[in-house]
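Okay, structure first, notes after.
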Amino acid sequence: MYGAILGDMIGAPYEFDQGDKTKQFPLFSRESGFTDDTVMTIAVAEAMMNSLGKTDTEIRKELIRSMQKWGARYPHAGYGASFIWWLRDDNPEPYGSYGNGSAMRVSSIGWLYDTLEETRHAAKLSAEVTHNHPEGIKGAEAIASAIFLARTGTKKAEIKEYIISEFGYDLSRTCDEIRPGYKHIESCQQTVPEAVTAFMEGTDFEDVIRTAVSLGGDCDTLTDIAAAMAEAYYGVPETLITECRNRLPKDMLDVIDRFETFRKQRIQ
């Protein structure tokens, strides 16, 4: 999860098109803190670890419980209006969203399962408790699949082909073609392909982050998604892990440490 969380932190100061669309920027500043992207990434990871091996109904219940718990714990992290109502509802129901929130919170699922089929199914469950629009589900499945493939040694060209063939995303544009006209848009349809492209073009973990930030738009979420894939493909430098941990509270670190144990078991 370090990748997603670092992407969120590093992208956050440039959200709402506040950056200069360049790869030359300080990785960290006083404004480099976690947002709702990190809170929900933590919530989904905890839920999926707690419900591993259980029924779909139990998984959905655990997702709702965990997301509402963490949302209440960090109520001012920057959630969207519809999601705020969902967090507060005694009987929350999915609300047809195709927002990019389903893709930004899914990173842990790419590490927790032994097969691509299980990964996609879990990603679908994680999305549909809120984002039950087909595009919201597709975004979550695509990113979880890319992470699974990356961590199991699949090359970028094969990952790209899988994303195109299975999910129908147009990945024909380069970042140089995307960058000039790209604006702050919070849909999966206009975030997931751009994040995948930034991952494809990046040459190492940090370069993926810099490439994603340079596109602009919904920068914390876009970079969260791109960096989640980059972590699975390249790993994360220890210096960045240390910086990340220094900017997180203990309750989040406890979940991350538990998740890291799960993750290491999956790649042995």
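Of the residues making up the range 28-47, those that are more than 17 Å from ASP218 (Cα to Cα) and out of contact with any Ser or Thr (no Cβ under 6 Å at 6 or more places or on another chain) number 4. Taken as a whole, the condition of being at pLDDT 95 or above, crowded, with 20+ Cβ neighbours inside 10 Å and basic (Lys, Arg) applies to LYS138.
Rundown of residues vs (1) within 16 Å of the chain's Cα centre (by Cα); (2) free of Cβ contacts under 8 Å to residues at least 40 places away in the same chain, yes/no style:
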position	(1), (2)
ASP204	no, yes
ALA230	yes, no
GLU238	no, yes
THR242	no, yes
ARG247	no, no
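Can you give me the number of residues within the range 32-62 that are part of a loop (DSSP other than H, G, I, E, B) and within 20 Å of the chain's Cα centre (by Cα)? Result for the range 32-62: 6. Within the range 155-190, the set of residues being within 18 Å of ASN100 (Cβ to Cβ) and acidic (Asp, Glu) comprises ASP170, GLU186.
Among the numbered conditions (1) of a type in the set (Val, Ile, Thr); (2) at pLDDT 95 or above; (3) assigned to a helix (DSSP H, G or I), the only one that VAL236 does not meet is (3). Taking the range 63-125 and the helices (runs of 4 or more DSSP H) fully enclosed by it, no element has 3 or more residues that are polar (S, T, N, Q) and closer than 12 Å to ALA43 by Cβ.
Entry remark, the range 146-203: residues being exposed (fewer than 14 other Cβ atoms within 10 Å of the Cβ) and in a helix (DSSP H, G or I) number 8 in total. More than 20 Å from ASP220 (Cα to Cα) and of a type in the set (D, E, K, R): is that true of ARG73 in this structure? Considered against the rule, which asks whether it is more than 20 Å from ASP220 (Cα to Cα) and of a type in the set (D, E, K, R), ARG73 comes out as yes.
The values are calculated or read from the model by the stated rules, or taken from the named source; none is laboratory data. No experiment lies behind these values; they were computed from the predicted model shown. FYI the Cβ positions are ideal-geometry reconstructions off the backbone, even for glycines, and counts take in every protein chain you see.
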